[in-house]
Ligand code: NDP
Ligand code: 8X3
C-alpha cells in the first residue's frame, strides 16, 4: 500500500525531522509550511528516495488549507497519517507585559490552524479508515503551568482536549488520534519565541541535554505505525534533565 503522510510545519524542527524519518521508511510525503525555499530544499533532498509533494501553506488561512487539500495530486490523495505540527510560542514575558497581537498569533496558529487542517483532511482520513492516524503536537505546557506560559500553554491544552474529543466522535471509524506532548527540545522554537534572539536560544539549551527533533520524529513514527487496534491517546516526553519546580510563594520581605 502507498502510505502517505501530510505534515504541517515541515520546514524546520520536528516537522522536517518527521519528513526525513518517514522517507527513510518509504512513505510518500506531503510537506507544508510557509517558507517555500525550505520546502523545495527538503523536496530536493528526499525526492531521490520517495514521492514528495510540497505546498507552501499558512495554516491560519482556512481557504488556502482547503485548496491545498482539494488539489492534492491523485498519488497523494489517500492520507494515512496527518501530523498537525505547525505551531509556535511567542512572548515568554509575564502575561501582563505581552502584546495582544502575540496572543492572537498563537491562537490563530496553534488552535485555528490545527482545526483548519484537521477539518479539511478528516474526509481523507475517514476514507483510509483503519490505521489512519492524526498526530497532534501538543506540549508539556498544555498540562503544566509555568511563568510566561499564558496563551501558549492554554493553546496546547486545547490541542489535548480537541484530540480526546475527536477520539470520541471517531470511534468506530478506525481513525486514531494521538497528542504527543514534548518538553524542551532544541529546534528553532526558542529563536521564534524570543523573536530572533540567538543568544537566548543558545543559553536555554547550553549545559543540558534537550530532546532533539529526531527524538520526537521517532515517537511520531512509533505511534503512526503501531498495529491498527492500538491508539496511544497522549504521549508526554521530557528530557531526563528537565522536571518540575516547587510552587512559587509570594512573601512579605
Ligand atoms: P520550529 O520553530 O523549529 O518549527 C515550527 C514549524 O511550524 C516551522 O516549520 C514553521 O514553518 C511552522 N509554522 C509556524 N507557523 C506556521 C503557520 N502559520 N503556517 C504554517 N506553518 C507554520 O519549532 P518546533 O519544531 O519545535 O515546533 C513544532 C511544534 O512543536 C510546535 O507546535 C510547537 O509548539 C511544538 N513544541 C515544541 C517544543 C520545543 O521545545 N521545541 C516542545 C513542545 C511542543 P514556517 O515558518 O515555514 O511556516
Ligand atoms: C514547549 C516546551 O518545555 O519549553 O512546548 O515548555 S517547554
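Read-outs throughout are calculated quantities, based only on the coordinates presented, and are distinct from any laboratory measurement. Every value quoted in this text rests on a predicted model; they were computed, and no experiment measured them. Ideal geometry is used to build each Cβ from the backbone, glycine not excepted, and the neighbour counts take in all protein chains shown.
For every residue, the table says whether it meets (1) within 18 Å of residue 194 (Cβ to Cβ); (2) part of a loop (DSSP other than H, G, I, E, B); (3) touching a helix residue (DSSP H, G or I) at 6+ places or on another chain (Cβ under 6 Å).
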| site | (1), (2), (3) |
| --- | --- |
| 104 | no, no, no |
| 111 | no, no, yes |
| 130 | no, yes, no |
| 156 | no, no, yes |
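Suppose we filter 94, 56 for residues that are within 16 Å of ligand 2 (Cβ to nearest atom) and surrounded by fewer than 21 Cβ atoms within 10 Å (Cβ to Cβ); which single one remains?
94
Take residue 129 and tell me if it is surrounded by fewer than 16 Cβ atoms within 10 Å (Cβ to Cβ), at positive phi and touching a residue at least 12 places away in the same chain (Cβ under 8 Å).
yes
From the residues in the range 231-253 that are within 13 Å of ligand 2 (Cβ to nearest atom) and part of a loop (DSSP other than H, G, I, E, B), which one is nearest to residue 164 (Cα to Cα)?
238
Tally the residues that are away from ligand 1 (no atom under 12 Å from the Cβ), under 16 Å from residue 163 (Cβ atoms) and in contact with a strand residue (DSSP E or B) (Cβ under 9 Å, 6 or more places away or on another chain), restricting the search to the range 116-141.
7
So which residues in the range 176-230 are over 28 Å from residue 4 (Cβ atoms) and in a loop (DSSP other than H, G, I, E, B), if there are any at all?
183, 184, 194, 195, 196, 197, 206, 207, 208, 209, 210
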